[in-house]
Each structure stands twice: as C-alpha cells, then as structure tokens.
1. How many of the residues making up region 57-79 are farther than 19 Å from residue 111 by Cβ and within 22 Å of the chain's Cα centre (by Cα)?
2. Can you pull out every residue in region 152-165 that is touching a helix residue (DSSP H, G or I) at 6+ places or on another chain (Cβ under 7 Å) and farther than 13 Å from residue 46 by Cα?
3. Just to verify a result, which residue in region 40-78, among those that are in contact (Cβ under 8 Å) with a residue 60 or more places away in the chain and in contact with a helix residue (DSSP H, G or I) (Cβ under 8 Å, 6 or more places away or on another chain), is surrounded by the fewest Cβ atoms within 10 Å (Cβ to Cβ)?
4. Tell me, please, whether a residue that is over 19 Å from the mean Cα position of the chain (by Cα) and more than 20 Å from residue 168 (Cα to Cα) can be found in region 240-247.
5. Any residue at all in region 26-36 that's surrounded by fewer than 23 Cβ atoms within 10 Å (Cβ to Cβ) and outside any loop (DSSP other than H, G, I, E, B)?
6. Out of all the residues in region 81-118, which are over 23 Å from residue 37 (Cα atoms) and crowded, with 20+ Cβ neighbours inside 10 Å?
7. Does residue 343 qualify as being at pLDDT below 95 and either out of contact with any helix residue (DSSP H, G or I) (no Cβ under 6 Å at 6 or more places or on another chain) or more than 22 Å from residue 230 (Cα to Cα) (or both)?
8. All but one of (1) within 18 Å of residue 388 (Cα to Cα); (2) part of a helix (DSSP H, G or I); (3) within 20 Å of the chain's Cα centre (by Cα) hold for residue 278; which doesn't?
C-alpha cells in the first residue's frame, strides 16, 4: 500500500497522520506507488491543474498495474465525487468529512464505497500523530475549512465550514512530533488565524506551543493578513523558537480586484500592517500568493498589482493563473482574461519575484543564521533558515559518517548567495 499527496501542507499533514494510522492497523506500507496493491491519493482541486494531475496519476497507475485498487480522498473527491467513482480502478472515493477514518472504511468496505457527506461545523481530532520520517519539518494541522467564501475559491465547498482542532489534541500531537525528533513544527490550516475552540484563540495555541519543552522552531504557514495578532509578531521579534517568517496570501495589489474577489482588506491595510511588522522584526522573511487573470482584470489593475508588489516588503511571490471553479461566484462571470495575457502577466510577476528574492538573499550575506539541515547533496547539506531562505551548508561540521538530517546549526551566509559555512 502506498500514498500520494497533491496540493497544500494541510494535505501533507493529513497524509502523514493517515500513514501512521494504517501502520498501526497492520497495513504493509511502501514509498513506491508502482507495484502497490492499494494506492491512496490525497487530492487537490484548487485549480484545474490539480484536477488534471489526479487524472494523469490514475491513468499511469492503471497502465503500470491493471489490478491496482485506488482510493481518492479529500478535496477533489468531495467536489467531483460521482465522476471520480467511475474512473478505472477507483474503488473508494472519500470526501473531506471522513477521510481521516479511511483505514476503517477500507476494512469495512473492501469492495469499495462512495463516502462524501458534507463536513460538519464541529471541533475535530486527528486521531493519529502526523509524524513524517521522510521530512525534517513536521506539518501540524490546527484548523480546517473556511467561512470567507472569496469569489474565486472552491475550498469552502471542498473542505466545508471553518472548524478548529480540539486544543488538547493539538498539544498532544505537537509533543509527539517533538519527541519523534522533528526540529521544526509548521502550523497549518485553511484559515488558521480564525481558530476558536472553547474560547481559545489561534494566538493562545501559538503561545502554548512555544512553551513546550524541546521545541526547536515554530513556523506559521499561509495565514490571512487580517488574522495575525500583534502578540504573534512580538514573539517573532523576541522568542528564540518563533521563526521570523510570514506568508500572507494577498491575491491582488488592486483595490478594485480585491473588492471583486470579496477579500477582507485593501492595499492600504496590508501596507500599514507590513510596515509595522518590518519595523518590529527587522530581517523577517515575507512571502505572498498572487492571482493573475481574475475575471475583468484590466491592464491598469494589473499594473497596480505590479506596483504594489514592487513597493511592499514581500521577498517572493507564488503566482497563480486564475482557474474557473464550479460553484464559486466568479464561475459564471463574464469578461474573461485571455490565456495569452494571463501567461504574460504571470511571467512579469515571476520575474519581479525572482529579483526581490535575490535582493533578500543578498541581504543575508555575512549574517549568522540558524539552519535546519534537510537533505545531503552538492558537497554539503541543504536546509532552510528561520527566515525561510534555502542554503547549502558546507564545511567541517557537515563532513564525516552519519546523517546530519534534522540538525539545527548556526552558520554564516557567504559565497554565491546559496552557500553557508558551518560555524560550530
């Protein structure tokens, strides 16, 4: 039996927990898809590319092993349930509500089942540790679902309403991940800044995790700009375990487009927030997501986005072409942007992102930074700094027998902007 994960960190966290569950249930797990009798695919449907990726994988699996039994779970399974169940060799289609009960479902329905009830608005438990021995940094799921209903986004339909993980379950999982040797925990959720469980807020979760003995680093994954508490920024400035890093998905730098998207802020709000963050946490790493080609986006509105991203202290962008998603408000809107224009705009933003990323890296030269080592190669060990800069660590400290995977070490950034030398 093998697993494959498409999409976000949330999916990665869920797959890690499922692997642990299946191991405990006596299944024989493999890292190889080819030749496995059962393959579980945790799907993504944020864009049509995600949908196509699933179809291509299923076709490849069936060609390579005509007897393989496939389970499709998660977001695409929730949205396209009936169609997926008709694909060759797909025996189980399990949506967002019950995917974490997959081990029991496969055991109780060995001949296959379509199981896609709507997720309920209740606090949840994961039921298993998300230990991932193939990666150094562990994803810690704290929240699921979303109530924002942005005009382009299918996730509220795929994952359901906003709901929070039970407080005690988060803490127990975090302790287990630390005990398993993970040097960094990455908090993740659909809209995790809206966490609320029995009166406890997201900020309180962060504070509780920072207080855990043995915690190396704590990092936030993508979080909405309007949901970041001032106390979290204070911890980034003062707490040794809190990574000075934010990923804020602003989606557009045009107020007109932000309004059409039904985002909950304007450019001035984001600019004011970021100015305060940079002043309080000098050297913080900041990234964003931005969409090009939203219906009706004019050349002038795109130029506003370029100017916004050039001016604000973002150090990299993930650029996404708009993808029409059934069920969203934007799905039926007219005035589409041509594919050629979308590609041109995406190329402009990616080039700007490359320049800003390099400028940020130049600013790292000569600094002493903390790096968690992740994989060996190119004469040293690759890892990421607290600010989420990927570097190659070389020198005496990374030579010799034995793996250095997961080690945290202070290094000095030098050389060609990707190389850091071991200090010891």
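1. Counting residues in region 57-79 that are farther than 19 Å from residue 111 by Cβ and within 22 Å of the chain's Cα centre (by Cα) gives 6.
2. Scanning region 152-165 gives a single hit, 162.
3. At the first step, the residues of region 40-78 found to be in contact (Cβ under 8 Å) with a residue 60 or more places away in the chain are 40, 45-49, 74-76, 78.
Still in the list and also in contact with a helix residue (DSSP H, G or I) (Cβ under 8 Å, 6 or more places away or on another chain): 40, 45-46, 74-76, 78.
Values: 40: 26, 45: 26, 46: 20, 74: 27, 75: 27, 76: 28, 78: 26.
It comes out as 46.
4. Quick first cut of region 240-247, residues over 19 Å from the mean Cα position of the chain (by Cα) only: 240-241.
Imposing the further condition that a residue be more than 20 Å from residue 168 (Cα to Cα) reduces the set to 240-241.
Within region 240-247, one or more residues are over 19 Å from the mean Cα position of the chain (by Cα) and more than 20 Å from residue 168 (Cα to Cα).
5. Looking only at region 26-36, we keep the residues that are surrounded by fewer than 23 Cβ atoms within 10 Å (Cβ to Cβ), and these are 26-36.
Subset that is outside any loop (DSSP other than H, G, I, E, B): none.
Among the residues of region 26-36, not one is surrounded by fewer than 23 Cβ atoms within 10 Å (Cβ to Cβ) and outside any loop (DSSP other than H, G, I, E, B), which makes the answer no.
6. 96, 116 - these are the residues of region 81-118 that are over 23 Å from residue 37 (Cα atoms) and crowded, with 20+ Cβ neighbours inside 10 Å.
7. Values: at pLDDT below 95: no; either out of contact with any helix residue (DSSP H, G or I) (no Cβ under 6 Å at 6 or more places or on another chain) or more than 22 Å from residue 230 (Cα to Cα) (or both): yes.
So residue 343 does not fit the description; no.
8. (3)
The values are calculated or read from the model by the stated rules, or taken from the named source; none is laboratory data. Predicted model, so just to flag it, every value in this text is computed and none were measured. When we count neighbours, we look across all protein chains shown, and the Cβ atoms used for this are built from the backbone with ideal geometry, even at glycine.
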